[in-house]
Amino acid sequence: MNDITYRLPQKRALVTELPGPRSQELTARRRASVAAGVGSSVPVYAADADGGVIVDVDGNSMVDLGAGIAVTSVGASDPAVVEAVREQVGHFTHTCFMVTPYEGYIAVAEKLAQLTPGDHEKRSVLFNSGAEAVENAIKVARLATGRDAVVAFDHAYHGRTNLTMALTAKTMPYKANFGPFAPEIYRMPMSYPYRDQPGLTGEQAALASIDRMEKQIGADAVAAIIIEPIQGEGGFIVPAPGFLPTLQTWARKNGVVFIADEVQTGFCRTGSWFASDDEGIVPDIITMAKGMAGGMPLSAITGRADLLDLVHAGGLGGTYGGNPVACAAALAAIETMTALDLSGRARHIESLAVPRLRALAEETSVIGDVRGRGAMLAIELVKPGTDTPDPVITKAIAAHALAEGVVLLTCGTYGNVIRLLPPLVISDELLDDAMTVLENTVRTLAAQ
Ligand SMILES: *Cc1c(COP(=O)(O)O)cnc(C)c1O
């Protein structure tokens, strides 16, 4: 892309082994001061980042295919975001919107009303993290319906707070020994085309979950259904066409609030502003965070005005929610997404990467499935000739790619998915280079 200017050279260049000596020093210091419960998938410490590269403290330039878990879609130092943040911190860093409000918060809410699916009357609330947005979406749904039960799905990931741990499916590492969990959460089967019985349509899969909800909970006891339109941590699972619309139709008919958790899929990642757009669904409430503010901590819920406005004054909020610096960053990041057509860019990334991943799956016998949309793409690794998950080769691929200077993330209930989440501003050349590293890594390890 010609219209992006980069501050750092967009090249992979290693000057030490990874992790280098300075990173190793920091790892030693960290052990003595940072709690062991905080993991890092890459033991290499960042010093600078721009476009598609992260430069580490030893001067190594790595290709970033993770974007800090789908956060830095506009890059980690987008000039527009940097300038907006500088301008705002020079005036005020905080007043608390619940004490002395400011315009930036309103401007973000106005933008969200425009960008999110549906042209109905909407209201928004801003928070700091994805989990906080999810918690608040559930608060609104329960208050609005006067019901308790919340339905989440197999493989779901919604966060690490108590309620969102309860909503999350996978025990290790997210839930194990952290209970007891929030009550009245029910888990339903997810449409998972690669592992479902062949030929099962999205509509059939949804009807099976609907039947269970009706039998096990009762339609009139369900406050909300919460679902990721494409599941993130659970393995980039794209439900079969028809699954989401069928669930939503049922929710609408039964007065159930339909919440799309677009914390990972939102803001151009899947090639549209929101993944709900691709499915033709209009959620009652949508949760957002990761791509929203160019790396600054900001999250939001946007939903039907008639639901959101039911909540009494003071019922929603938080000291830091909608921080003015984060709001300035979000407005600038959204400008960049529009100016550079990052949705189009995400589709372009898909068109470059998917044919290569499919060819790689043909050539080797360890890739069971290639899936995803836009710049949210994944390969699912399996034992050759089976659909048995292979988390060992998955880990090895990420480790080998890192040794070559490519940051790759894994995910999945079975830990056997490599996910590609590049910054949307990555150059074609850099993406091509990283894809070549990935291909060679998979070939080498598949042959062993
Ligand atoms: C990351 C994520 C969350 C949690 O966001 P945090 O900011 O880490 O609290 C919630 N839902 C989805 C779909 C996510 O990917």
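Within 10 Å of each residue's Cβ, count the other Cβ atoms and sort 22, 358, 29 from fewest upward.
Fewest to most other Cβ atoms nearby, the residues stand as 29, 358, 22.
In the chain, what % of DSSP beta bridges are antiparallel (nearest 5)?
The antiparallel fraction comes to roughly 65 percent.
Taking the mean number of other Cβ atoms within 10 Å as a proxy for protection, how do you rank 31-43, 180-192 from highest to lowest?
180-192, 31-43
Arranged by the count of other C-beta atoms within 10 angstrom, fewest first, what order do 17, 103, 132 take?
Ordered from fewest to most neighbouring Cβ atoms within 10 Å, 17, 103, 132 come out as 103, 17, 132.
Provide Rg and Dmax in Å for the chain, with only Cα atoms included in the calculation.
21.5, 63
Taking springs between alpha-carbon atoms closer than 10 angstrom, which of 355, 239, 389 fluctuates most in the Gaussian network model of the chain?
Highest fluctuation among the options: 355.
To the nearest 20 Debye, how big is the dipole of the stretch 82-339 about its Cα centre, given +1 on the beta carbon of each Lys and Arg and -1 on that of each Asp and Glu?
Once rounded to the nearest 20, the dipole reads 560 debye.
Treating only the Cβ atoms of Lys and Arg (+1) and Asp and Glu (-1) as charged, compute the dipole magnitude of the chain about its Cα centre; round to the nearest 20 debye.
The dipole of the chain has a size of about 1000 debye.
Please report the antiparallel percentage of DSSP beta bridges with both residues in the stretch 82-339, rounded to the nearest 5.
40
Placing +1 on the Cβ of each Lys and Arg and -1 on the Cβ of each Asp and Glu in the stretch 72-180, which of 162, 81, 117 has its Cα farthest towards the positive end of the resulting dipole?
With unit charges placed on the Cβ atoms, the residue in question is 162.
What dipole magnitude, in Debye to the nearest 20, does the stretch 1-157 give about its Cα centre under +1 on Lys/Arg Cβ and -1 on Asp/Glu Cβ?
For this selection, approximately 400 debye.
When N is the residue count of the stretch 283-333, what does its C-alpha Rg come to as a fraction of 2.2 N^0.38 Å?
Expressed relative to 2.2 N^0.38 Å, the Cα Rg reads 1.24.
How do the peptides 256-266, 331-341 rank, highest first, by the average count of neighbouring beta carbon atoms within 10 Å per residue?
With the highest mean Cβ count within 10 Å placed first, the list reads 256-266, 331-341.
Can you tell which of 179, 416, 315 lies farthest toward the positive end of the dipole of the chain, using +1 and -1 charges on the Cβ of basic and acidic side chains (Lys, Arg; Asp, Glu)?
Final value for the positive-end residue is 179.
Have a look at 268, 349, 288 and report the one farthest towards the positive end of the charge dipole of the chain, computed about the Cα centre with Cβ charges (Lys/Arg +1, Asp/Glu -1).
Of the candidates, 288 comes out farthest on the positive side.
Considering only the other residues whose Cβ falls under 13 Å of the Cβ of residue 335, what net charge follows from Lys and Arg at +1 and Asp and Glu at -1?
Neighbour charge sum, excluding residue 335 itself: -2.
Given a 10 angstrom Cα cut-off, can you work out which residue in 371, 195, 356 is the most mobile in a GNM of the chain?
195
Normalized C-alpha radius of gyration of the stretch 252-339, against 2.2 N^0.38 Å?
The reported ratio for this selection is 1.17.
Considering Cα pairs under 8 angstrom that are at least six residues apart, work out the relative contact order of the stretch 82-339 and quote it in whole percent.
This gives 30 percent for the stretch 82-339.
Under a no-solvent Debye model with one identical scatterer per Cα of the stretch 82-339, what's log10 I(q)/I(0) at q = 0.09, 0.13, 0.17 Å⁻¹?
So the normalised log intensities work out to -0.38, -0.80, -1.33.
List the aspartates and glutamates whose Cα sits under 14 Å from the Cα of residue 122, skipping any in the same chain fewer than 8 residues away.
110, 284, 306, 309
Fewest Cβ neighbours within 10 Å first, please rank 363, 233 accordingly.
Result, fewest neighbours first: 363, 233.
Just the number, please: percent antiparallel of the DSSP beta bridges in the stretch 242-378, rounded to the nearest 5.
Around 70 percent antiparallel, to the nearest 5.
What does the charge count around residue 161 come to, taking other residues whose C-beta lies under 9 Å from its C-beta (Lys +1, Arg +1, Asp -1, Glu -1)?
Here the charged neighbours net out to -1.
Based on DSSP H runs of at least 4 residues, each adding -39500 (n - 2.57), what is the mean residue ellipticity at 222 nm of the chain after dividing by all its residues, to the nearest 500 deg cm²/dmol?
For the chain, the value works out to -11500 deg cm²/dmol.
Less than 18 Å apart at the alpha-carbon level, and either on another chain or at least 8 residues along: which aspartates and glutamates does that give for residue 175?
132, 135, 154, 184, 233
Since every read-out is calculated from the coordinates, none of them should be taken as a lab result. Everything numeric here is computed off the predicted structure, so don't read it as measured data. Reconstructed Cβ throughout: ideal geometry from the backbone, glycine too, with neighbour counts over all protein chains shown.
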